[in-house]
Each structure stands twice: as structure tokens, then as C-alpha cells.
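S.K.: Would you mind keeping the following structure in view while I ask a few things?
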Amino acid sequence: MSKRNLGILGIILVFTFIISAVLWNLYRHQSFQSNNSIDAVPANASVIIKINSPSNLLNILNEDIKFRSELESFQSIKSIFQVSETTDSTLFFTEGAGRSLDECPTVIAFSKLGKESIEWSIHIALKNKGQENEINSWLENNSTQKRNYTGFTIFQTKESASAGKSYFSTLQNGTLTLSKSPLLVEGSIRQQQSGRSVYEDPTFTKLEKTTSKRADGSVFIKFSKLDEFSEPFLASEAKKFAQFMRKIADWGVLDFEISDDELILNGFLSTESNSSFISVFNGVEPRKPTIQEILPLNIRLFAGYNFSDKQGFLDNFTNYILRKDNHSKIESLDQQYENRTGTSFLKAFGNIIDGEMALAYSNFNASNPNQGRFLVFRTEGQTTTLPVLKQMQEFYGVNRSPITNYRVDESTSFPIYRGFDSQLATLVWGSIFPDVPTQYFSFYRNYLVFADSQKSLQSFLYDNVLNKTLDSHAYYSSFRENFSYEENFFLFAEIPHLFPYIENELNPAIFHPTGEQKKVLFNFYATGLQISNSSGLNYTTLYGNYAPHRDKEPRTIWQSRIDTMVAMKPALVDNHYTHEKEILVQDEAHNLYLINNMGRILWKKPLDGKILSEIHQIDFYKNNKYQYLFNTGKKLYLLDRNGNHVAKYPFTLPSEAANGLAVFDYNDNRNYRVFLALKDRKVYLFDKSGARVPGWNIPQTEGLVSQPVQFFRTSGRDYIVFSDAYRNYIMDRRGNHRVMPGKSFERNNLSPFFLEHPDSEKSAIVSSTSGGQVAKIMLPSGKTTIKEIEENTSNNHFFLLLHENDPEYVLVSPEKLLILNSEYEPKVEETLEQRVEPVADLYKFSSSDHKIGLVSEDNSVIYLYNSDGSLYKGFPLKGTSRFSIGFLKSSAYRFNLITGGENNYIYNYRVE
């Protein structure tokens, strides 16, 4: 052969080699479509989970989430974690391309096999032909058995980490299928050979396009298969519930994201059938819910419906009912109703509904499961609603008059009516609610509330009187922030309290939580499902959160909610009509509230600023009717029991107040004297009408007087006492110096003076200095002693006197409670668990039983200590403010403790 021909042949061979290499490389890297993995899912799969990046999800499950150990205490959930871990290719593939499977889109499908078995299959979308060949080679070399099934090889392999677990797998059309069940592998092969794809379903295709690859993954639900799929998990009596799940929608597709303390799913439900549950929302715009504003705080589970287009919703609802299996029964009963009343039951009821209704459950009562169930409708108003309901009562032969009048207090009552336990009402509303309590009903504002017991209704109404509603729940408001502003449907459930409500629907062989598991559930707060109609699809959010350190609800007699947090020590005041106690309290928005002993807010009055003084009750008109006297920084106020100003009050002060006013009635003749120190460094004296008292020589102080003026009487002498930052003043009733202290000291500006040994030769006023010493001024001599307290190392403290005739001294600092005997020797030295405010209150339960009240505002905890330094039984309690203790009712035999609480509540505790 000539050199020329050899050269041409060489060039041809080179090009042939290059082309072959390119074609081989293209073949090896031939990309597969990622949706092939869903095409491989067996036809009987009910739930499909698509994982965008298995490696990322495994990192989250193994390292990021805080609640894995809690979930794994339940075997069924632990099994799901084990399935997810099966996607970790290192369990099977110890070499080569198998390692890269963790980055391939993966689908997990769950199918029912037999009567009670749920099995899974994993379908991994391979990247290219080369990866497929390498995995096929590994399976060929490592399988323990293999067999041919309709032209495809099914391999049996063992997990490398555990030789006891067998798995079956096959490779087809760029998809690796893996399962513990050979039947599912065979089903996957048949599905692909059928040539039918789920993508031929236009509804599925439409929803699948809404998924996001940025999410951790997506869940696909075929609702028509859910009844069979759920059969192993449900009790034999729960067929109705299974059938309902089947008809919720056609398809549901939800993206999911998992973080360290929450799980959130967002996506869509779709239906092409008017018999599906969500068809009731077709074309109905969502709206902002309000039902949480009246549902009581102890509601654990509720389902609410919202619709801006009432007629559209009612039309959809009617169509939905007419497609149910029992529609003929409903139509027959409704026709009977219409023949007697002239209108259908649903139309009559629909006319009174104002776009919102809900079924709610409060704390579960095992001895009476029907107690605490409420069916609530927002109505067009009581005036238009009550005649419709009375017509229904008449039709069912029920007395139309109230059967009782529930009285909360002397001026608040609610009529309660007999409802109608009708089959028609149960069939109609039972189409969208699992329970239909209609035995009794009442109204709160424009809301119609049904319940199956009078006690439940009364509890519902009382909670609303106290503003103790779900809207003010410590966690519910932040929980709701994870959902859209408007909705058509919302299902809420507190996870720890859910099981008793659904227990009868579940298979007891599977669901029988132990005491430890029930305890674990309290580390989770709630789960919620929201559906909002949008452009023919139903936007859906499912959310649950982990909240292991949330506070338990305080065990109070009642809780009453005000606008903002409590800003003062609640004052117990006398009701001169009933001779019972009421509560005056101011919030941080400077509103003053009068609350009766049942917790109902009688009135609210805005003030110009924070109240600086205690609330003093005086009898201004000397007619045994009391008013409330106090001051802010700028004004003197005197309010009557109805919250109205008295006489010429309020008075604007000549200068800003430096402290709170003090009121004295020297001779118990109701000729009150009002002392107030202002920032002009003068101490003023007013009479009860607000006029300055003649004869009082207005003292000019060197500095500001930060504590209220005090009045003491001992051994027939009167002493007016106050201090500034430089000296202490002891005056007579005309404003002249009565006693000159033998030593000068700066009194602690947090602590008042106390009188010890009254009416004896040992009479003295005692307090503490700014440096933490105990200072005593003898009366009337003025002899002064200052005692160093070695144990007290804090200048930031409060001084208190126990047992005035047998003195003991209390010094409270943020970290320590110190009690000294009369010789200033430590009797109690208690290091406090929580930092407290350097202020204390003294409570005299009897002449010898004194107790000390402390508050930790930072930790929202209150303490009550005995005089021996021990913590009183039942404390600490939740609370955010100083507290008052007394009897709210004259007939009471246990004390009430009133304090501020979290989330703007007033707490009323019982003290044994």
C-alpha cells in the first residue's frame, strides 16, 4: 500500500477513534429525565414523597432538627426515619458511582399491600447512562439472588451495615427502584411497561409544576386511595372518617421544609368533582378569620370556615350535600321543614350566618366527652338570628323561652335557650363537621354558640367576659403568623391534647401511647392546616412546631385580660354597695381599670400618665360612699366608683410630682389631708377638695423627695416624716421641725420608714441607708444609731420591718433575702434562685404570721416567703408584678392573690 493510502487510512482511523470516543462519552453521559422516577412509582401508591437532595435532607434529619429523639419514641415515626435513611447510598454502595446517588432526585412511595401492611419503595432518578451501567455492574456483583421479571432483572441484595436486611431492586429507563417488598418492585416494572404515566393526568401535571426545587422536597397525595391506605391505622368503626378522607380532593401537592424546630408544607389541593370536600370553596374568596377572638383560651382543637361570598359558599355546600350518599334523607327531612315553615332549613340558617363558623373543643373530659364541644356561628346579629332559631324551636316542639339566665355578676347575664337535637341539623352540619352539638345555645355579641351542656356554655361565656380567649394565647398568636392573613378553612390542634379527641378513630393496636410518650408530646405545641381558594386551586399550608420550654398555663381562679401589661401593684378596693372587694389596676398604656371580683372589667379610663401613688379610698361626701384618690406626674385625680371625675378634679399640679401622694385622716373624721412633694423641692398639703391647707408652712427641701410623705403617731405625738438625698425631716402638723436626728444619713431611696415599739419608751422610726446600714431615730429624742450589716453587700436593696413590737429587719437585694433579729444578727440568709426586684411587700395574715412578697419581673415569677425564710406552700407562681392578697368576697375562707400576668392578663390565684 502506498504511503499516501496509508496516510489516508491513518487519518480515517484517528477520526473513527475520536468519533467513537465522543459517541461513547455521550452514551455514558446520556441524561435521563428526572420525572422518570415518578413514572416508576407503583400504580397503587397513595402517598409519594419527592426529595430534591437526599444528602441535604439527611443532614437536616441527623444534625439540625432538635426534636428527632422525641419523635423516635414512637415506633411508627421511627420507621419513617429509617425509610429516609435508606436513601443514603453508603448503606448499599461501597464504591464507584453509587456514592453519588445522594445527590440524585429521589422519590419515596407508600403503598398498601394486603389488608394491614404499608410498604415503601424508593425510586432514584439516575443522572446518565454511565451511572446506570456502574450501578448495574455493582448489583450484578453484589446481589445474593437475581431473577427475570417480564424482561427486567430484579436483584436481591443485603444492606452492607446489616446482613439481616434484604432489599430488592431493579434498573429501568434510568431509574433505580429499591424496596423491601419484591411485590412493589414488580409493580414498578409493570407501571413503566404499561406506558401510562401519572403525567397524563392534567390535574397532577398542573400541580406538579407548582413545586419548588429549592424546597427540601414535595409530597404528592392521591386522595382517592387514602381510605384503603389509612385502613390499617383506623379503628374498624372509623369507616366514615376514611370515606371522608377519600373525598377531600383529587390530588394534593405540598412542598415541605424542615428546620430545627418546625415543619412547614405549602402547596395546592385540586378537585374536578363537586363531590369533593374542597369543592365548597370553589370560586369563594377567603377572608380574615375572627373566630379566635371569642373561642376560649382552653380550646385545644377547632375547625373553622370563612367565606366572603356567603351565597357562593351556600350554593357549593348545597351541591356538596346533594352528592353525598345520604342526600335523599336530607332532602326528605328538609322538604318536611320547608312545608311547615315556608323555607328550607339550610336557607333559613344560611341567611343568618355572617361568613364564619367553627366547631371547637376545649379541655377533654374523659367522664363526659360531650362536654366542652361548641358549634359557633358568626351571625348578622341577635335581632335577626333569634326569630329564625325560635322558628326552628317551634318546628321541633322546643320551648322558645330561655331555660335559664346565666348571671356572671349583678349586672351581667346571658339567656340560655334549649336547642334542637334534630336529625336534619346533624345531617346538614355533619357534612362538614364531625360533631354537631345543638342541645343548648346562647349568644355572645353577634356570635351564636351551641353546646351540649349548660355548664359548657356558661364556661364559654365567662371566658369571654374575662377576655380570656384564644386570640390572647401566649403561643397561638405567634403560631398564626406562619399562615396567610385570609383563609377559607383552618384546622388547629394542640399536639399534646389531640389524642383523646381522635382516639376512638384510631387502631388501638398501633396507637396506644405510653405515659412517657404522652409526656414527650408536651414538647410540641400545635399543628395547623389552612386552605385558601386561589385561581381555581386551593392554596394549602400545613405547619407544626416544637416548643419544649413553653410555660404551662397558671392554675388560677380566673384570668382577666386588659389592653397592655400591668404597670402597678393591683389595688384591692371596697365596693360600698356590695361590701365586697374590687380591683383597680393600671396598664402600661396608662389606662385605669376597675375589675369586679368575678374578673369582669367594669370600666376603663385613660389617664395622662403613670400613677405614682397608691390608690387611696376616701369618703369625699361623708355619705359612706368611696372614691379613688391618686396622682400622676402632672395631676391629682379623684374618681367615683363609675370612673367619673369628682367635684373639680382632676387638678393640674403647680410642678411635676416627685413621688406619690399620701393621705391622712388625723382624727378619723374624714377631713382628709393630702401630702405631695413636687420637683420644685417643696412639700405641699392639700385638703380633699384639692385646695392648699392654710397653716401649713410649706417646707423647702434641699433635694427631691422620692418617697411618699409618712405620718406616725406614738405616745400622743404626731410626726410628719420625709427625706431627700441629703437629710431626713421630722415635722409637726404645721410643717415645723419637731425632731432633729442626732446623725445625718442618706436614706435608701427605695425604702420607707417604719415605726417600731409604738407608744413606748423604745419608739423609733427605722429604715436603711443608701449604703445598706440600718438607721434608727428614737422618738421624740432624735437619738440616731447607724448599724453596719456585714452580710449585706448590695447597695441596691429594700428595707422592711417585721413584727413592730419584736423587731426583725428584712433587707432584699436582687440576689438575696436577709432577715436580722433585733440585735441585727442574721436569722435568715437566703440566696435567691432568680433575680428579683429590690422591693418587697409585707402581708399580715395574723398578728404573728407575717409574710414577704417578692417579684422577678425578668422571669415572670412571684414569691411569698414566711418570716423564717422558707418559701410559702405553692410558690413560686407565675406573675409579672407586685401583688395584693385579701378576700375578694366576704364569704370567702381562702385568700385571693391578685397579680399581673403575661400577655396582658390579671391573675387571680387562691392562696391556701
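The values are calculated or read from the model by the stated rules, or taken from the named source; none is laboratory data. Worth saying up front: this structure is predicted, and the values here are computed from it rather than measured. Cβ: placed from backbone, ideal geometry, glycine included. Neighbour counts: every protein chain shown.
S.K.: Determine whether Y337 is surrounded by 20 or more Cβ atoms within 10 Å (Cβ to Cβ), in a strand (DSSP E or B) and among the aromatic types (F, W, Y).
M.R.: No, not satisfied.
S.K.: While we're here: I'm told N142 meets every condition in (1) without any contact (Cβ under 8 Å) to a residue 12 or more places away in the chain; (2) more than 46 Å from the chain's Cα centre (by Cα) except one. Can you identify the failing condition by its number?
M.R.: The single condition N142 does not satisfy is (1).
S.K.: I'm trying to understand the selection: among the residues of region 574-623, which are among the hydrophobic types (A, V, I, L, M, F, W, C) and either touching a residue at least 60 places away in the same chain (Cβ under 8 Å) or surrounded by fewer than 17 Cβ atoms within 10 Å (Cβ to Cβ) (or both)?
M.R.: I583, V585, A589, I595, M598, I601, W603, I618, F620 - these are the residues of region 574-623 that are among the hydrophobic types (A, V, I, L, M, F, W, C) and either touching a residue at least 60 places away in the same chain (Cβ under 8 Å) or surrounded by fewer than 17 Cβ atoms within 10 Å (Cβ to Cβ) (or both).
S.K.: If E830 satisfies all but one of (1) in contact with a Gly (Cβ under 8 Å, 6 or more places away or on another chain); (2) acidic (D, E); (3) assigned to a loop (DSSP other than H, G, I, E, B), what's the number of the condition it fails?
M.R.: The single condition E830 does not satisfy is (3).
S.K.: Inside region 137-148, can you point out the residues that are of a type outside the set (D, E, K, R) and either surrounded by 15 or more Cβ atoms within 10 Å (Cβ to Cβ) or outside the structural domain of Q191 (by TED's automatic domain parsing) (or both)?
M.R.: W138, L139, N142, S143
S.K.: Still on this structure, I have one more. Any residue that is surrounded by 18 or more Cβ atoms within 10 Å (Cβ to Cβ), among the hydroxyl-bearing types (S, T, Y) and either more than 40 Å from the chain's Cα centre (by Cα) or within 26 Å of F712 (Cβ to Cβ) (or both) - is there at least one of those in region 794-812?
M.R.: For region 794-812, residues surrounded by 18 or more Cβ atoms within 10 Å (Cβ to Cβ), among the hydroxyl-bearing types (S, T, Y) and either more than 40 Å from the chain's Cα centre (by Cα) or within 26 Å of F712 (Cβ to Cβ) (or both): present.
S.K.: A further question follows. As an exercise: evaluate G98 against (1) farther than 23 Å from W138 by Cα; (2) part of a helix (DSSP H, G or I); (3) at pLDDT below 75; (4) in contact with an Asp or Glu (Cβ under 8 Å, 6 or more places away or on another chain) and give the number of the one condition it does not meet.
M.R.: Among (1) farther than 23 Å from W138 by Cα; (2) part of a helix (DSSP H, G or I); (3) at pLDDT below 75; (4) in contact with an Asp or Glu (Cβ under 8 Å, 6 or more places away or on another chain), the lone unmet condition for G98 is (1).
S.K.: Is it true that E503 is closer than 25 Å to G886 by Cβ, surrounded by fewer than 20 Cβ atoms within 10 Å (Cβ to Cβ) and of a type in the set (D, E)?
M.R.: Criteria not met by E503.
S.K.: Given G342, G397, which one is over 28 Å from D309 (Cα atoms) and loosely packed, with under 14 Cβ neighbours inside 10 Å?
M.R.: None of the other options fit; the residue is G397.
S.K.: Any residue in region 678-692 that is of a type in the set (K, R), in contact with a strand residue (DSSP E or B) (Cβ under 7 Å, 6 or more places away or on another chain) and at positive phi?
M.R.: Yes, region 678-692 has at least one match.
S.K.: Among the residues of region 746-780, what is the count of those that are free of Cβ contacts under 8 Å to residues at least 24 places away in the same chain and either in a loop (DSSP other than H, G, I, E, B) or under 18 Å from S813 (Cα atoms) (or both)?
M.R.: Within region 746-780, residues that are free of Cβ contacts under 8 Å to residues at least 24 places away in the same chain and either in a loop (DSSP other than H, G, I, E, B) or under 18 Å from S813 (Cα atoms) (or both) number 2.
S.K.: Just the residues that are buried (at least 16 other Cβ atoms within 10 Å of the Cβ) and in a loop (DSSP other than H, G, I, E, B), please, taken from region 707-721.
M.R.: Q707, P708, V709, listed by residue number.
S.K.: Could I ask something else about it? So which residues in region 627-641 are assigned to a loop (DSSP other than H, G, I, E, B) and surrounded by 18 or more Cβ atoms within 10 Å (Cβ to Cβ), if there are any at all?
M.R.: Those that are assigned to a loop (DSSP other than H, G, I, E, B) and surrounded by 18 or more Cβ atoms within 10 Å (Cβ to Cβ): T632, R641.
S.K.: Give the residues of region 589-613 that are under 25 Å from A892 (Cα atoms) and of a type outside the set (S, T, Y), sorted by residue number.
M.R.: The answer is L594, I595, N596, N597, M598, G599, R600, I601, L602, W603.
S.K.: Continuing with the same structure: Checking P694 against (1) within 29 Å of H737 (Cβ to Cβ); (2) modelled with pLDDT of 95 or more; (3) not in a strand (DSSP E or B), only one condition comes out false. Which one?
M.R.: With respect to (1) within 29 Å of H737 (Cβ to Cβ); (2) modelled with pLDDT of 95 or more; (3) not in a strand (DSSP E or B), P694 is out only on (2).
S.K.: Same structure, new question: Pick from region 364-394 the residues that are buried (at least 18 other Cβ atoms within 10 Å of the Cβ) and of a type in the set (K, R): which of them is farthest from L498 (Cα to Cα)?
M.R.: By that ranking, first place goes to R378.
S.K.: Scan region 111-136 residue by residue and report those that are surrounded by 20 or more Cβ atoms within 10 Å (Cβ to Cβ), of a type outside the set (S, T, Y) and in a strand (DSSP E or B).
M.R.: W120, I122, H123, I124, A125
S.K.: Same structure again: Considering only region 316-348, how many residues are at pLDDT 90 or above, under 17 Å from W429 (Cβ atoms) and among the acidic types (D, E)?
M.R.: Residues in region 316-348 being at pLDDT 90 or above, under 17 Å from W429 (Cβ atoms) and among the acidic types (D, E): 2 in total.
S.K.: Let me ask something additional. Select, from L685, L678, the only residue that is in contact (Cβ under 8 Å) with a residue 24 or more places away in the chain, buried (at least 16 other Cβ atoms within 10 Å of the Cβ) and within 30 Å of S760 (Cβ to Cβ).
M.R.: Result: L685 is the single residue among L685, L678 that is in contact (Cβ under 8 Å) with a residue 24 or more places away in the chain, buried (at least 16 other Cβ atoms within 10 Å of the Cβ) and within 30 Å of S760 (Cβ to Cβ).
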